[in-house]
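Take a look at the structure set out below.
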Amino acid sequence: MSSIKTILVPIDGSESSRPVLAAAGLLARSLGAHLEALHIRAGAKDFMPYVNLSAKMSKVIEAQAAEDSAERATAVHHDFEEFCAETGLNVADSPATPRPSASWREERGRVSERLVERARLFDLCVVARPARAAGAIRRSPVGENLEALLLESGRPILMVPPGNHATIGNDIVIGWNDSAESARAVAAATDWLEQARSVTILASRRREEQARALGENLAWHDVKAEVRVFEAGSRSVGEVLLAEVTELKADLLIIGGYSHARARQLLLGGVTRHVIGHASIPVMLAH
């Protein structure tokens, strides 16, 4: 039996919404889960510029923002209904309907706050990879929400990069650093690991013993995992991880998110930030 029965998918009508919905739909069908598409309408005041405006001008801007928000919500809901019709997902608001199934939910408020609150109720949250444009992830609203979800929801996150992902979890790479975060990520991905065609545990030379111990433990779940050891050399660990993923033709990478202090990663880069910024396949993260 799959332990992942509910999947949250925040969508905003951007180009990334369809790939994320498609990935979540693929998972819902393979795991027999329920998918909730969540659209959050930001408050009109969130669109106000940080300058002093007259009361009249403020009302004009708020009214236009409210109108734009309503139009976007209608368009996103239409996209969701189209997606369900195309994929044959049952639309249902309760477990009475056989899964896989899907439902729509619309909320208002600050996006990151509503998103984290809702994500805490679900087994998994599927989100888009932040755009690389503008350099730092922190400058991207999507990136900020991904970090908020990872650090505050207490739930695993599946990050989906742009493009069509025909399979997720057939060939899996685990980036193992023997941290509590990577242990949580592996535990959250047990369903995929048990069904996978191949599983590779990737670890640095100094973590080889712990990686082999993980492989022995996974064998109790009938998961046959190969251990590969790397020497980073002049490359970062993040670069090595993604290079190995490409070589192995994996379709899912599992890592712990922000295993080191987040402040240090913000200053120095770090594995999590590199993977978030550059991954070309879905990545399962847990903190």
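Just the residues that are open to solvent by 50 Å² or more (accessible area, probe 1.4 Å), at pLDDT 95 or above, under 22 Å from Val275 (Cβ atoms) and not in a helix (DSSP H, G or I), please, taken from the range 198-245. If the condition is that a residue be open to solvent by 50 Å² or more (accessible area, probe 1.4 Å), at pLDDT 95 or above, under 22 Å from Val275 (Cβ atoms) and not in a helix (DSSP H, G or I), then Glu226, Arg228 are the ones that fit. The residue that is modelled with the lowest pLDDT, counting only those in the range 70-92 that are of a type in the set (A, V, I, L, M, F, W, C) and open to solvent by 20 Å² or more (accessible area, probe 1.4 Å), is Ala70. For the range 170-197, the tally of residues that are hydroxyl-bearing (Ser, Thr, Tyr) and surrounded by fewer than 20 Cβ atoms within 10 Å (Cβ to Cβ) stands at 2. In this entry, Thr167 passes the filter for residues that are within 19 Å of Glu247 (Cβ to Cβ) and surrounded by fewer than 14 Cβ atoms within 10 Å (Cβ to Cβ). Quick check on Glu67: is it at pLDDT below 95, among the charged types (D, E, K, R) and open to solvent by 20 Å² or more (accessible area, probe 1.4 Å)? Criteria met by Glu67. For the range 121-131, residues that are surrounded by 14 or more Cβ atoms within 10 Å (Cβ to Cβ) and either at pLDDT 95 or above or over 23 Å from Ala189 (Cβ atoms) (or both) total 6. Of all the residues in the range 93-120, those that are of a type in the set (Gly, Ala, Ser), outside any strand (DSSP E or B) and surrounded by 13 or more Cβ atoms within 10 Å (Cβ to Cβ) number 3. Among all positions in the range 134-143, there is at least one residue which is out of contact with any strand residue (DSSP E or B) (no Cβ under 8 Å at 6 or more places or on another chain), outside any helix (DSSP H, G or I), modelled with pLDDT under 90 and open to solvent by 50 Å² or more (accessible area, probe 1.4 Å).
The values are calculated or read from the model by the stated rules, or taken from the named source; none is laboratory data. These figures come from a predicted structure and were not determined experimentally. Heads up, the Cβs are rebuilt from the backbone with ideal geometry, glycines too, and the neighbour counts pull from every protein chain shown. What goes into the accessible areas is simple: the full protein's heavy atoms, side chains included, and nothing from ligands, DNA or RNA. Shrake-Rupley method; radii C 1.70, N 1.55, O 1.52, S 1.80 Å.
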